[in-house]
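K.L.:
Got a structure for you, questions after.
The values are calculated or read from the model by the stated rules, or taken from the named source; none is laboratory data. In this text the structure is predicted, and so the values were computed from the model without any measurement. No Cβ is skipped: glycine too gets one built from the backbone with ideal geometry, and neighbour counts run over all protein chains shown. The accessibility values were calculated without ligands, DNA or RNA, using every heavy atom of the protein model including side chains. Shrake-Rupley method; radii C 1.70, N 1.55, O 1.52, S 1.80 Å.
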Amino acid sequence: HVGPMARTVEGCTAMMGALVPEFEARRLESLEELRVGVAWLDECEPLIRARVEAVAALFPDTRPVEFPFPDRAENAVFMREVADVHRDLFAEHADSYGANVRRKIERCLETSDGEYRRGLESLARYREDGAEALRELDLLVTPTLAFVAPPAHVEEHTIRAATVRMTYP
């Protein structure tokens, strides 16, 4: 089980400061100050959609936004980063990794320079498209999964693409 990255506003603020060097926290007098976009609800099961709509309803100024999904090519950038982090340690201790993680790292180590370059180009375009979609917004509300979390016995690799689709961006 993996817990939330942060449980409080203070925890979220600290997390954002660590993840985004240019992040600056600001105090609001009211949620009315925020322009909030809502995306990807049509991709969700009804229960998930209802929960996200309930959160979005807390904000007075919400609007639907067409926020793009990333191209699969961008996955090569993530995979190269994983490979670079694990390359030396994996070479020495591959047998210590569980089968699931070992398969993932082996695939990451196979990422070619060409795949990586195409991924970087795609990622740059995605960032531009995402920034344009968010240009007039302060916050984007989206689901993190389109479906209720599956039972623990489900083979992770069979649902991986669906489970990261809304968290990758």
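K.L.:
Which of the residues that make up segment 149-166 are under 15 Å from Asp42 (Cα atoms) and part of a loop (DSSP other than H, G, I, E, B)?
P.N.:
Hits for segment 149-166 are Arg165, Met166.
K.L.:
Which one of the conditions (1) surrounded by 13 or more Cβ atoms within 10 Å (Cβ to Cβ); (2) in contact with a helix residue (DSSP H, G or I) (Cβ under 9 Å, 6 or more places away or on another chain); (3) assigned to a helix (DSSP H, G or I); (4) not aromatic (Phe, Trp, Tyr) does Pro169 fail to meet, given that it meets all the rest?
P.N.:
Of the numbered conditions (1) surrounded by 13 or more Cβ atoms within 10 Å (Cβ to Cβ); (2) in contact with a helix residue (DSSP H, G or I) (Cβ under 9 Å, 6 or more places away or on another chain); (3) assigned to a helix (DSSP H, G or I); (4) not aromatic (Phe, Trp, Tyr), the odd one out for Pro169 is (3).
K.L.:
Among (1) out of contact with any strand residue (DSSP E or B) (no Cβ under 9 Å at 6 or more places or on another chain); (2) in contact (Cβ under 8 Å) with a residue 24 or more places away in the chain, there is one condition Asp113 misses while meeting the rest; what is its number?
P.N.:
All conditions pass for Asp113, except number (2).
K.L.:
Report the residue count in segment 122-149 for those that are among the charged types (D, E, K, R), over 18 Å from Arg165 (Cα atoms) and touching a residue at least 12 places away in the same chain (Cβ under 8 Å). Even if it seems obvious, please write down each step before you answer.
P.N.:
So the first thing to find is which residues in segment 122-149 are among the charged types (D, E, K, R), and the list is 125, 127-129, 132, 135-136, 138.
This time we only want the ones that are over 18 Å from Arg165 (Cα atoms), so: 128, 132, 135-136, 138.
Right, trim to touching a residue at least 12 places away in the same chain (Cβ under 8 Å) and you get 136, 138.
So the count comes out to 2.
K.L.:
Pick from segment 16-45 the residues that are assigned to a helix (DSSP H, G or I) and under 24 Å from Pro68 (Cβ atoms): which of them is most open to solvent (accessible area, probe 1.4 Å)?
P.N.:
Checking each candidate, the answer is Asp42.
K.L.:
Now, a different point. Which members of segment 84-99 meet the condition of being in a helix (DSSP H, G or I) and surrounded by 12 or more Cβ atoms within 10 Å (Cβ to Cβ)?
P.N.:
Residues satisfying the conditions are Asp84, Val85, His86, Arg87, Leu89, Phe90, Ala94.
K.L.:
Any idea which of Arg135, Arg127, Arg87 is over 30 Å from Ser30 (Cα atoms) and of a type outside the set (A, V, I, L, M, F, W, C)?
P.N.:
Step by step, each of Arg135, Arg127, Arg87 is checked, and only Arg87 is over 30 Å from Ser30 (Cα atoms) and of a type outside the set (A, V, I, L, M, F, W, C).
K.L.:
Scan segment 67-83 for residues that are surrounded by fewer than 13 Cβ atoms within 10 Å (Cβ to Cβ) and modelled with pLDDT of 95 or more and report the count.
P.N.:
0
K.L.:
Kindly indicate whether Leu145 is surrounded by 14 or more Cβ atoms within 10 Å (Cβ to Cβ) and either assigned to a helix (DSSP H, G or I) or modelled with pLDDT of 95 or more (or both). Full working, then the answer.
P.N.:
Values: surrounded by 14 or more Cβ atoms within 10 Å (Cβ to Cβ): yes; either assigned to a helix (DSSP H, G or I) or modelled with pLDDT of 95 or more (or both): no.
No.
K.L.:
Of all residues being hydroxyl-bearing (Ser, Thr, Tyr) and not in a helix (DSSP H, G or I) in segment 101-139, which is most open to solvent (accessible area, probe 1.4 Å)? Just the residue, please.
P.N.:
Ser112
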